[in-house]
Amino acid sequence: MREVIHEYAVELDWMEPMAKAMDGYLENRQIKVPESILTGIRYACPVNPALTAFLLDVTYHQDVLFKMRNTRDDFIGLYFNLTEGEAIHVMDKVSRSMGRWSYNLAIIDSILPGDYLIKAGSKTYMISIFIKKSTFKEVLSKVPNLKDIIDAIFDREKNTVIRFDRMSNHAWWLMNELKKTPFESPLFDIYFEAATYGLMADYMDQLIGQEIILEQVVQEDINKIISSQTYLIDNLNGIFPGISHLSFMANMSETKYKKLFKKITGSSANTFFLNNKLSKAKEMLEEGTHSVNEVATAFSFFDSSHFIDQFRNFYGITPKEYLNLL
């Protein structure tokens, strides 16, 4: 496995060291590396002085562990990740799956280190947006429900900016539309910039109406919540274990656990568990070899009626109606 220690920034001076760490070189803002490591595009576009977008459209031919260690703490990273294959985000030896079918949106303060392990054979299509904190603060101040707390959000002594989430369908569409644009096109940068602004606007739309939890988070707390989420995902076939059990496992009070879980994921632990359960149940339905009742039983719903009601509430249609669309 190859290890690559690197950093990001709004400025582009991180690109050449990253290219050299992969035995490659920098050419026209594109990181070129040996095909034995990966093939495809690694390209940065300076959208404006406070905003840079970095595109990855690559296939990995060997395992690579990227170790992000930023030396600048003046930006926020937004990572829209549609990797297909095995991709794992690691923080202090605690891991979580990332990519198209798992968490595919991460918002992380540049002060937080992180490792990203990607396995050979994986295909990554990802847009990373690096935005100056001062500019991001100005942008978010336009979101109605954030106006009164915007200073606290960016006060390091009161809050840590971190969230793992899923991108919206519109963000998915924006990325797929960009993917259709040939990289060689003289208009590619224009389309890339438009997609970047579109993703930023879409994320702001997601924030409207969301409850923002103000809390300073230390690395140990992040690791505990990530471990708890992993535990929930590993036990989707059972019933929800309860907050008291989860908080005990995390060695936190129930109040602190619920607050940090919602801050980092944007939802309660129960909602997180149910949404992931329904997502896995939908995948089982898509296999075409299981009845609705069998899926309901496999995921420990009370009965098929309970499963149908929960599925309809989440997806807007019944399992049977969904199967007819396949």
Q: Report, by residue number, each residue of region 291-326 that is out of contact with any Gly (no Cβ under 9 Å at 6 or more places or on another chain) and assigned to a loop (DSSP other than H, G, I, E, B).
A: SER291, PHE301, PHE302, ASP303, GLY316, ILE317, THR318
Q: Kindly indicate which of GLN62, GLN30 is in contact (Cβ under 8 Å) with a residue 24 or more places away in the chain and either under 24 Å from TYR197 (Cβ atoms) or touching a strand residue (DSSP E or B) at 6+ places or on another chain (Cβ under 8 Å) (or both).
A: GLN62
Q. What number of residues within region 1-22 are touching a helix residue (DSSP H, G or I) at 6+ places or on another chain (Cβ under 7 Å) and either in a helix (DSSP H, G or I) or aliphatic (A, V, I, L, M) (or both)?
A. 2
(Q) Considering only residues that are aliphatic (A, V, I, L, M) and surrounded by fewer than 17 Cβ atoms within 10 Å (Cβ to Cβ), which ones fall in region 5-20? (A) ILE5, LEU12
**Q.** Count of region 283-305 residues which are crowded, with 16+ Cβ neighbours inside 10 Å, under 29 Å from the mean Cα position of the chain (by Cα) and not aliphatic (A, V, I, L, M)
**A.** 2
Q. Could you say which residue among ARG156, ARG163 is of a type in the set (D, E, K, R) and over 20 Å from the mean Cα position of the chain (by Cα)?
A. ARG156
Q.
Within region 184-202, take every residue that is more than 21 Å from the chain's Cα centre (by Cα) and exposed (fewer than 15 other Cβ atoms within 10 Å of the Cβ) and give me the one that is nearest to LEU140 (Cα to Cα).
A. ILE190
(Q) I'd like to check which strands (runs of 3 or more DSSP E) are fully inside region 23-81 and have at least 3 residues that are over 21 Å from the mean Cα position of the chain (by Cα) and buried (at least 16 other Cβ atoms within 10 Å of the Cβ). (A) 38-48
Q: Scan region 72-103 residue by residue and report those that are at pLDDT 90 or above and either of a type in the set (Ser, Thr, Tyr) or over 22 Å from ASN48 (Cα atoms) (or both).
A: TYR79
Q) What are the residues in region 207-228 that are over 22 Å from LYS158 (Cβ atoms) and at pLDDT 85 or above, if any? A) SER228
(Q) Within region 104-121, does at least one residue satisfy the condition of being modelled with pLDDT under 95, under 20 Å from SER168 (Cα atoms), crowded, with 22+ Cβ neighbours inside 10 Å and among the small types (Gly, Ala, Ser)? (A) no
Q) Taking only pairs six or more apart or across chains, which ones have beta-carbon atoms under 7 Å, a first residue in region 210-231 that is over 12 Å from ALA269 (Cα atoms), and a second residue that is part of a loop (DSSP other than H, G, I, E, B) and of a type in the set (Lys, Arg)? A) LEU214/LYS158; GLN216/LYS158
Q | Candidate set: region 159-183, residues that are polar (S, T, N, Q) and exposed (fewer than 13 other Cβ atoms within 10 Å of the Cβ); chosen: the one farthest from GLN30 (Cα to Cα) | A | ASN169
Q.
For the structure I just gave you, tell me whether ASN276 is of a type in the set (S, T, N, Q), modelled with pLDDT of 90 or more and surrounded by 14 or more Cβ atoms within 10 Å (Cβ to Cβ).
A. no
Q. List, please: which pairs have Cβ atoms under 7 Å, are six or more places apart or on different chains, and start with a residue in region 237-256 that is assigned by TED's automatic domain parsing to the domain that holds ILE226 and end with one that is assigned to a loop (DSSP other than H, G, I, E, B) and loosely packed, with under 12 Cβ neighbours inside 10 Å?
A. SER247/SER253
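The values are calculated or read from the model by the stated rules, or taken from the named source; none is laboratory data. Worth saying up front: this structure is predicted, and the values here are computed from it rather than measured. Positions of Cβ are backbone-derived with ideal geometry, glycine not excepted, and every protein chain shown enters the neighbour counts.
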